[in-house]
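Structure record follows, encoded as structure tokens.
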Amino acid sequence: MASSRPIIGNRVRLATTADRKSGIFFLDYEFERPFDNIESAQEYLALLSRELDTAKQDTQADIAREADSQMPRRREALRVVLYTLEKLEQHIKVSRRLLNDLRTLRRLLLEERAEPVISKDGMDSKL
């Protein structure tokens, strides 16, 4: 049987409904997912990008500290970590651009964005 408890970390809105015949009340859980829309995914990627910058700075500081170390495997492992963080940074940048493209396309498809109108004098203006 599935649990009717909310999952930790998700916001829950409780709605109370009653069965009119029996008088029994039910609680319906409606979860708000963190990626319900493009904007929330963009916010998440912005936060992830900031944390990634911090992790890169910390790793670079660790590499600088290990420069004269007698543990070359540790130094090499830190370089691999930095390389992986840089790859992740590139993936996040691409994902952010893709989300921006999706948001623009959604606005165009749903006509959320005013289209430019060309006036008689040839100048563009927004609706």
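The values are calculated or read from the model by the stated rules, or taken from the named source; none is laboratory data. Predicted, not measured: the structure shown is a model, and the values here were computed from it. Glycine gets a Cβ as well: all are built from the backbone with ideal geometry, and neighbour counts include every protein chain shown.
Among the listed residues Leu98, Leu78, which satisfies the condition of being within 24 Å of the chain's Cα centre (by Cα) and without any contact (Cβ under 8 Å) to a residue 40 or more places away in the chain? Before the answer, list the steps.
Working: Leu78 fails: within 24 Å of the chain's Cα centre (by Cα).
Exactly one of Leu98, Leu78 is within 24 Å of the chain's Cα centre (by Cα) and without any contact (Cβ under 8 Å) to a residue 40 or more places away in the chain, namely Leu98.
Would it be correct to say that Ala15 is at pLDDT below 90 and under 25 Å from Val80 (Cα atoms)? Spell out how you get there, then give the answer.
Working: at pLDDT below 90: yes; under 25 Å from Val80 (Cα atoms): no.
For Ala15, the condition - at pLDDT below 90 and under 25 Å from Val80 (Cα atoms) - is not met.
So if I check each of Lys87, Lys93, which one is in contact with a Ser or Thr (Cβ under 9 Å, 6 or more places away or on another chain) and surrounded by fewer than 13 Cβ atoms within 10 Å (Cβ to Cβ)?
Criteria check complete, one pass: Lys93.
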